Amino acid sequence: MDQIKLTKGDQAPDFELPNFAGETVRLSALRGKKVIVYFYPAASTPGCTKEACDFEEHLSELTTAGFEVVGISPDKISKIAKFHSEQSLHFDLLSDEELGIHKAYGAYGMKKLYGREYEGGLRSTFVMDEKGVLTHALYNVKATGHVEMLKKLLGL
């Protein structure tokens, strides 16, 4: 099966997913804003916690530069609600339990851990302009140092 890979200049696939509070979030409703959408494998794991806290730590700088931050994982709403609360996050975390949005963005596929191959969520980040066009499509990013690297890419 060929995996979808989005690139700069592609229109970001629209989505409609529940957030940590069970409210529906639509990407199309964010038109007019620059948006950072990051996919993370699992809430409350060490890498995903580090990444979420890094986004939180730099959130005011990102929002001042006009960016909205949204995280997406395959976790159930109850798990991301707990994670959102425990980490005192001030940006949306969305649930994509059926993986449709992960697959539309190419953020789901084969992974390797300790020599074992399996399918799962791929840590990926997408930046789009006010019209929903991708300015960056970053696959297989590292949890640690990711936000700093992203800020450099964005000139912040």
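Just so it is clear, none of the values below were taken in a lab; they were calculated from the coordinates. Just so we're clear, the structure is a prediction, and the values are computed from it rather than from any experiment. We place every Cβ from the backbone using ideal geometry, glycine too, and count neighbours over all the protein chains shown.
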Karplus-derived HN-Hα couplings along segment 85-90 (A = 6.51, B = -1.76, C = 1.60, θ = phi - 60°), whole Hz, x at Gly and Pro: 5, 4, 9, 6, 7, 10
Cα centroid of segment 1-40 to Cα centroid of segment 62-95, whole Å: 13
Residue among TYR38, HIS84, HIS136 farthest towards the positive dipole end of the chain, charges placed on Cβ: HIS136
For segment 7-24, 3J(HN,Hα) per residue [Karplus equation, 6.51 cos²θ - 1.76 cosθ + 1.60, θ = phi - 60°, Hz, x = Gly/Pro]: 9, 3, x, 6, 6, 5, x, 5, 8, 9, 9, x, 8, 4, 9, x, 8, 7
Residues whose placed amide H lies under 5 Å from that of GLY71, excluding near-sequence neighbours: TYR38, ASP92, LEU93, LEU94
Linear extension gain, MET110 paired with LEU138, 0.36 nm per residue minus alpha-carbon span: 8.5 nm
Volume of the Cα convex hull of the chain, divided per residue and given in Å³: 108
Karplus-derived HN-Hα couplings along segment 143-149 (A = 6.51, B = -1.76, C = 1.60, θ = phi - 60°), whole Hz, x at Gly and Pro: 5, 7, x, 5, 5, 4, 4
